[in-house]
Amino acid sequence: MTASLESLNEKQKEAIETLNGPVLVIAGAGTGKTKTIVHRLSKLVESGIPAENILLLTFTRKASREMLSRAVSLLDKRCARVHGGTFHSFGSHILRKYAPVLGFSSQFSVLDESDTSDIFQLLRTEGEYAKQKSRFPSNDTLISLHSSIINRGKSLEELLEAENPKFLDQKSAIRKIFQEYANYKKQRSLLDYDDLLTYTRDLLNKNETVRKKVSEQYKYIMVDEFQDTNQIQAHITCLLALDHENILVVGDDAQSVYSFRGADVNGIFNFPKLFPKTKTIYLERNYRSTPSILNLANVVLANFREKYEKYLYTKNEDFQKPTLIGYADELEEAEGIADLILERREDGVPLKDIAVLFRSGWNSNQLELVLSQRNIPFLKFGGKKFVESAHAKDYLSLLKIRENKTDSVSWLRVLLLLPGIGAAKARSILTDLEKSGGNLERIVSESKGTTASHLKELNHLINESEKDLKNLLGKFIDYYSPLLEKKYDDFKRRLEDLNAFLTLSQKYETLHEFLVDMSLEGPSPSLDKISPEEEDERLVLSTVHSSKGLEFDTVVLLNVSEGSFPSGRGEKNLEEERRLFYVGITRAKKKLVLTYPQISQQKNSQYFNRVSRFIDEIKDPEKVIDKSFINKKEETSGPSSSQNPQQISDSDARKRIREFFGS
């Protein structure tokens, strides 16, 4: 069988037919990158190159499996023998063969993140870490720090100063546990994901004999998403191609958005410097979006400081210009988005083809609550549903025991939050509460120290006479804040999350009504348990990071305001924030809506938002985007409820019901 190139454009054909030497393919969003890789892989095999001599490196196993499967369909079964996989799986494969060269056994085991967490838990239990005067980082924080040192090339001190300054005084202890972790792995022939990369790089870099053997094995190399490689991965790639230089890398500098994982956009910029004979090919014809959406994408691209010059175009039919909608506040923004989603569904667009994208997981908190109220089912990628997060459950449990003092499930969760109360003590208190109908007075009088003060304050709070719902919720946030700080390393972000409850409280008069609606939001099923039919009927909520590589008929980009998009934490890397904005825009096929709230809510105050600088910096914005502002509170309401509805006879209604359902 011969792989036909008829469906490809000229630039794609050029990339496919350039088989030898270094090639850099700059593939703009939606330009048929995967199709190009699949055809080139098939072309290599078709031209007589043994499949075993071809290496395809991707960032997910799913991507490599899909590409190889499509290549088999396009050409024949020889393509299945191509070595395809992630950098980590490739590293594991090479180390199984050559580990003794580095002084350890080929029979090593690979640790996943859960295993790593268990080891850190064991080390901190056996050591003195739990007895430190100040709080020691959680296992998740330790794993993140350890990986960042390797993948981002930063020192522990740099990371602590920038991201976790409260742990600076624990620097020596953190170094000690990291050394113990390294020793633990070495003694037991264990490698974590980062080890797979660092040992592979060291093997190829320090042992010329091994490097030449591996390079001879893989005479043709292809790398997908090259803009997302970190320095270690880019180094491995270059070492493999050092002799033959038969390497094609595909990527888009404008979509490099994973620096927090160690991705370094300089890898794609430096590729032609490392391989001076590089042929650079630009894929600019977009097969996904309308001309109007690409007009906006191109003006955003024009504002990149460092970039490969590209201009996306399409032959698709146009639909309408992207729209920027301002709302009075976050609640109105969420309600407006829900209205828009229902309108698109009425237009025949399935929910699965509609996505609401946002910069950070917490941006969707308000929207999630509104969607649940409106019975609009959704799947969330890039973070848990808000009401399923541990801190939201903690907070709602506090509110529930005010509303129902005999709610033993909520009481147990609350008691376990308090310092000095473990599982046994909590069960004992719970027994007393059940006997007394939720009366804390005697328990408070018998308690001592910080436990007594927390219980006393809680007793006052659940019995106080505050009627204003927003004020009441604010007081519970004040009570929960110090408990939150003790429980979570990232307590500041979690505390900000709770503002969504304050904003939503505007819609309710009583705590009872509020809690009933919160309780009706059921848990979301895990993704592997969702049937295709269920998935078809769910709106997609996603961080922009998690949406990369996906496309949707309709995209809403939520909260495009300063401090949210770009993130307030992203000032130091504004170029990456701009790239992230570009990625969000280019997920849309037909309809793109950008929204922002004029006012946002904090616990005791409100603040005005300014629309994102990524909109403000556009020259002649009216040419590429329509703007509007909606304030529902000022809109004229419909017919007054005081108008007399048509009177219906009670007996007639009962008769119809009996006839339909039977007596």
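Throughout, read-outs are computed from the coordinates displayed, never taken from laboratory work. In this text the structure is predicted, and so the values were computed from the model without any measurement. Using ideal geometry, Cβ is built from the backbone for each residue, glycine included, and neighbour counts are taken over all protein chains shown.
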Over the chain: helical MRE at 222 nm, DSSP H runs n ≥ 4 each giving -39500 (n - 2.57), nearest 500: -14500 deg cm²/dmol
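For the chain, what's the relative contact order in percent, using C-alpha pairs closer than 8 Å and at least 6 residues apart?
This gives 17 percent for the chain.
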Difference of contour (0.36 nm per residue) and Cα-Cα distance, SER47 to GLU317: 93.5 nm
Among PHE358, ALA15, ALA328 - extreme Cα towards positive end, dipole of the chain, charges at beta-carbon: ALA15
Cβ-based charge dipole, the chain, positive-most Cα from LEU294, ALA263, ASN631: ALA263
Lys/Arg +1, Asp/Glu -1 at C-beta; the chain dipole; positive extreme among LEU102, VAL45, GLY563: LEU102
The range 273-323 versus the range 458-478: alpha-carbon centroid distance in Å: 53 Å
Extension gain, ARG81 back to SER106 (0.36 nm per residue minus Cα-Cα distance, nm): 6.7 nm
Amide H within-cut-off set for PHE381, under 5 Å, with H built and near neighbours excluded: LEU541, SER542, THR543
Cβ-placed point charges (K, R +1; D, E -1), dipole of the chain about Cα centre in debye, nearest 20: 1620 debye
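With charges set only on the Cβ (+1 for Lys and Arg, -1 for Asp and Glu), what does the dipole of the range 129-188 come to about its Cα centre, in debye to the nearest 20?
About 320 debye.
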Label corresponding to Rg and Dmax of the Cα atoms in Å when calculated from the structure given, among (i) 25.5, 98; (ii) 35.4, 115; (iii) 28.9, 95: (iii)
Acute angle (nearest 10 degrees) that the helix 113-126 long axis makes with the longest principal axis of the chain, alpha-carbon atoms: 70 degrees
In nm, spacing of pseudo-spin labels at SER605 and ASP468 (7 Å Cα→C-beta vector): 1.7 nm
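Quickly rank 164-175, 582-593 as a protection proxy: mean count of other C-beta atoms within 10 Å, highest first.
Going by the mean number of other Cβ atoms within 10 Å, highest first, we get 582-593, 164-175.
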Net charge over other residues, Cβ less than 9 angstrom from the Cβ of ARG610 (K, R count +1; D, E count -1): -1
Square roots of five times the Cα gyration tensor eigenvalues for the range 100-199, Å: 24, 16, 11
Sites ASP616 and THR198 - FRET efficiency at Förster radius 45 Å, r taken between beta-carbons, to 0.05: 0.60
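Taking every pair of alpha-carbon atoms in the range 388-519, give the share separated by more than 27 Å as a whole percent.
Values: 1359 of 8646 pairs.
The answer is 16 percent, as a whole percent.
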Amide H contacts of ILE599 (H built 1.01 Å from N, under 5 Å, at least 5 apart or other chain): ASP329, GLU330, ASN609
Euclidean distance of C-alpha centroids, the range 599-632 and the range 45-85, integer Å: 47 Å
Counted charge near SER106, where neighbours are those whose Cβ lies closer than 13 Å (Asp, Glu -1; Lys, Arg +1): +2
Taking the C-alpha atoms of the range 129-188, convex hull volume expressed per residue in Å³: 86 Å³
Cα-centred dipole magnitude for the range 178-267, charges only on beta-carbon of K, R (+1) and D, E (-1), debye, nearest 20: 520 debye
DSSP bridge orientation in the chain - percent antiparallel, rounded to nearest 5: 10 percent
Highest-first arrangement of 623-631, 541-549, 245-253, where packing means the average Cβ count within 10 Å: 245-253, 541-549, 623-631
Inter-site label distance for GLU343 and THR125 at 7 Å from Cα along Cβ, in nm: 5.6 nm
Order by protection proxy (mean Cβ within 10 Å, highest first), peptides 144-154, 508-518: 144-154, 508-518
Footprinting exposure proxy for CYS79, CYS238 (fewest neighbouring C-beta atoms within 10 Å first): CYS238, CYS79
